[in-house]
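S.K.: The structure is given below, and queries will be raised subsequently.
The values are calculated or read from the model by the stated rules, or taken from the named source; none is laboratory data. This structure is a prediction, so every number in the text was calculated from the model and none was measured. A quick note on method: Cβ atoms are made from the backbone with ideal geometry, for glycine too, and the neighbour counts reach across all protein chains shown. Protein only, heavy atoms only, side chains kept; ligands, DNA and RNA dropped before computing areas. Shrake-Rupley method; radii C 1.70, N 1.55, O 1.52, S 1.80 Å.
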Amino acid sequence: MKLHKRMAFFTLAVLMLFAQVGVSATSSSADVEALQQQNETLQNELEQAQSEIEANQAEVDDLQTEIDDMRSELINIMMDIADTEQEIADKQAEIDEMDAQIAFTESRIASAQADYEAALEKRNEQYETMVAHIQYMYESSNESYLSILLESGDFSELLNRAEYIDSLYSYDNQILTEYEETMDEISELQAELEEERESLVSQEETLEGERSLLESQQAELENQQAYLNTITASLQTKVDNYEELIADAQSRASSYKSQIASNTTKISEIEAAAAAAAQQTTSASTSSNSTSSNSTSSGSTSSGSTSSGSSTSTTYTASGGSATGVAIANYALQFVGNPYVWGGTSLTNGCDCSGFVMAVYAAYGYSLPHSSYSLRSVGTEVSVSEAQAGDIVCYSGHVAIYIGNGQIVHAKNSNTGIVTDSIYYSSSGVITVRRVV
């Protein structure tokens with residue numbers, strides 16, 4: 001009787017445990033589904049943020065190319081301005097030298113003019129004296145002129161006086177001739193100096209024109225420089241704006257990745273708790289069956305020995321490796337039993353082997369190719385003996401995710417869907433193991 005009571009209480013406890021597990025399983029399933037939906041939303045937002053980053057980075061690259069081109073043009077313009085400034089300085093030096101030559105020539109012209117005027121004045125005085133002397137000599141009466149000659153004491157004195165008179169005329173003519181020659185020389189020098197001055201002035205005017213042209217070219221170059229500086233500054237402002245957008249998108253992407261990782265970890269924890277609860281329930285059920293069997297055997301000796309038991313499917317939990325790798329492997333395990341669809345990427349509605357790997361890693365913010373061949377090149381290679389949870393195991397035309405203890409999870413084929421297997425399930429052998437995290 002006491003045994004039956006114990007059995008009744010034990011059975012009641014088991015039923016209550018099943019009820020609690022059922023409620024817990026339902027709650028866990030709802031939480032997992034909510035987190036998965038949130039992850040899908042976050043993944044979409046992450047992809048959108050990454051698209052924004054790529055688009056904005058492309059704009060930045062294009063703008064930077066324009067800025068680089070304009071800066072190169074600015075450098076050329078600055079070099080042209082420097083060359084022009086040097087040419088202007090050279091022209092100004094020539095003009096200054098020409099001014100000095102003109103000033104020197106003008107001073108020589110002024111000096112020659114003064115000499116000419118002095119010689120002219122002296123010539124006029126000499127001319128007037130000679131005219132007066134001639135007038136006196138020739139306008140005097142013949143008697144007086146003859147008396148002067150005849151007053152000489154002898155013939156020798158007469159000759160001397162005649163020679164004296166002649167020498168007076170000769171001297172006057174010589175002086176006048178010399179002054180006239182001097183005046184001619186001064187006049188010629190004046191003409192030469194004036195011609196030289198006019199030539200210098202003409203050259204200076206040419207230099208002034210060339211300098212004015214250079215100054216005009218310099219002003220135009222400076223205008224181009226100012227314009228390019230304005231455009232460059234405008235482009236740089238755009239670059240800064242795009243870089244702010246990129247930084248914002250990167251910040252959001254990082255936040256999305258962190259939230260996805262956090263949600264995935266929570267999903268793994270919920271599933272691990274659910275698996276533990278299911279294991280506890282299985283153990284309790286087994287214990288109950290064993291107790292019931294023992295009780296029946298003890299109370300019914302005439303019926304003989306009766307055996308009963310239950311078979312359960314193997315439940316795997318990832319182990320061995322980095323925290324992220326274990327989380328990825330546990331996340332992949334929750335989709336065991338879902339269908340295989342060639343070319344698919346949906347973890348719930350169907351995916352193929354590479355689509356399965358791609359979608360699992362995408363939940364953690366990693367972008368992998370949808371190709372079993374391309375997946376052989378991602379990450380870094382490790383040996384099969386060094387494989388850790390989360391590593392990608394590559395076969396001939398197939399890929400899987402390692403979960404530890406020599407086991408993999410993969411979208412095997414359309415007959416089995418997503419299942420777990422030994423890492424050596426394929427007779428073709430493992431080609432390579434790739435570690436991404």
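S.K.: Condition first: surrounded by 14 or more Cβ atoms within 10 Å (Cβ to Cβ), over 60 Å from the mean Cα position of the chain (by Cα) and at pLDDT below 70. Can you find one or more residues in region 117-126 that meet it?
M.R.: Initially, region 117-126 is screened for residues surrounded by 14 or more Cβ atoms within 10 Å (Cβ to Cβ), giving 119-120, 122-123, 126.
If we keep only those that are over 60 Å from the mean Cα position of the chain (by Cα) too, we end up with 119-120, 122-123, 126.
From the residues that got through so far, the ones that are at pLDDT below 70 too are 123, 126.
Among the residues of region 117-126, at least one is surrounded by 14 or more Cβ atoms within 10 Å (Cβ to Cβ), over 60 Å from the mean Cα position of the chain (by Cα) and at pLDDT below 70, which makes the answer yes.
S.K.: Check Ser372, Ser367 and return the single one that is of a type in the set (Ser, Thr, Tyr) and either closer than 22 Å to Ser319 by Cα or exposed (fewer than 15 other Cβ atoms within 10 Å of the Cβ) (or both).
M.R.: Numbers: Ser372 fails: either closer than 22 Å to Ser319 by Cα or exposed (fewer than 15 other Cβ atoms within 10 Å of the Cβ) (or both).
Just one listed residue meets the conditions, Ser367.
S.K.: When you scan region 94-102, do you find a residue that is surrounded by 12 or more Cβ atoms within 10 Å (Cβ to Cβ), among the hydrophobic types (A, V, I, L, M, F, W, C) and within 48 Å of the chain's Cα centre (by Cα), even just one?
M.R.: yes
S.K.: Is it true that some residue in region 146-160 is open to solvent by less than 40 Å² (accessible area, probe 1.4 Å) and at pLDDT below 65? So that I can check it myself, show each step before the final result.
M.R.: Keep residues of region 146-160 that are open to solvent by less than 40 Å² (accessible area, probe 1.4 Å), which gives 149, 152.
Next, from what is left, pick out any that are at pLDDT below 65: 149, 152.
Yes.
S.K.: Ok, one more. Regarding region 382-405, can at least one residue be identified that is over 16 Å from Asn330 (Cβ atoms), among the aliphatic types (A, V, I, L, M) and open to solvent by 30 Å² or more (accessible area, probe 1.4 Å)?
M.R.: Within region 382-405, one or more residues are over 16 Å from Asn330 (Cβ atoms), among the aliphatic types (A, V, I, L, M) and open to solvent by 30 Å² or more (accessible area, probe 1.4 Å).
S.K.: Got at least one residue in region 195-214 being acidic (Asp, Glu), open to solvent by 60 Å² or more (accessible area, probe 1.4 Å) and within 16 Å of Arg71 (Cα to Cα)?
M.R.: So far as region 195-214 goes, no, none of its residues is acidic (Asp, Glu), open to solvent by 60 Å² or more (accessible area, probe 1.4 Å) and within 16 Å of Arg71 (Cα to Cα).
S.K.: Among Thr84, Thr105, which is within 30 Å of Gln224 (Cβ to Cβ), at pLDDT 80 or above, hydroxyl-bearing (Ser, Thr, Tyr) and open to solvent by less than 50 Å² (accessible area, probe 1.4 Å)?
M.R.: Numbers: Thr105 fails: within 30 Å of Gln224 (Cβ to Cβ).
That would be Thr84, the only listed residue that is within 30 Å of Gln224 (Cβ to Cβ), at pLDDT 80 or above, hydroxyl-bearing (Ser, Thr, Tyr) and open to solvent by less than 50 Å² (accessible area, probe 1.4 Å).
S.K.: Report every pair of residues separated by at least 6 positions or lying on different chains whose Cβ atoms are under 9 Å apart, first residue within region 73-86 and touching a residue at least 24 places away in the same chain (Cβ under 8 Å), second open to solvent by less than 90 Å² (accessible area, probe 1.4 Å) and β-branched (Val, Ile, Thr).
M.R.: Note: pairs meeting the criteria are Leu74/Thr232.
S.K.: Which condition from (1) closer than 27 Å to Gln50 by Cα; (2) loosely packed, with under 15 Cβ neighbours inside 10 Å is the one that Gly379 breaks?
M.R.: In the conditions (1) closer than 27 Å to Gln50 by Cα; (2) loosely packed, with under 15 Cβ neighbours inside 10 Å, Gly379 misses (2) alone.
S.K.: If a residue counts only when it is touching a helix residue (DSSP H, G or I) at 6+ places or on another chain (Cβ under 6 Å), which strands (runs of 3 or more DSSP E) contained entirely in region 358-437 have at least 1 such residues?
M.R.: 392-395, 398-404, 407-413, 432-435
The rows are residues; the columns are (1) in contact with a strand residue (DSSP E or B) (Cβ under 8 Å, 6 or more places away or on another chain); (2) within 15 Å of Gly321 (Cα to Cα).
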{"site": "Thr345", "(1), (2)": "yes, no"}
{"site": "Val357", "(1), (2)": "yes, no"}
{"site": "Ser371", "(1), (2)": "no, no"}
{"site": "Leu375", "(1), (2)": "yes, no"}
{"site": "Ser383", "(1), (2)": "yes, yes"}
{"site": "Ile408", "(1), (2)": "yes, yes"}
{"site": "Val419", "(1), (2)": "yes, no"}
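S.K.: Would you mind stating whether Ile392 is within 23 Å of Val336 (Cα to Cα) and more than 40 Å from the chain's Cα centre (by Cα)?
M.R.: Details: within 23 Å of Val336 (Cα to Cα): yes; more than 40 Å from the chain's Cα centre (by Cα): no.
No.
S.K.: Please verify whether Glu59 is within 30 Å of Ser212 (Cα to Cα), surrounded by 12 or more Cβ atoms within 10 Å (Cβ to Cβ) and of a type in the set (D, E, K, R), treating the condition exactly as stated.
M.R.: On the way: within 30 Å of Ser212 (Cα to Cα): no; surrounded by 12 or more Cβ atoms within 10 Å (Cβ to Cβ): yes; of a type in the set (D, E, K, R): yes.
It is false that Glu59 is within 30 Å of Ser212 (Cα to Cα), surrounded by 12 or more Cβ atoms within 10 Å (Cβ to Cβ) and of a type in the set (D, E, K, R).
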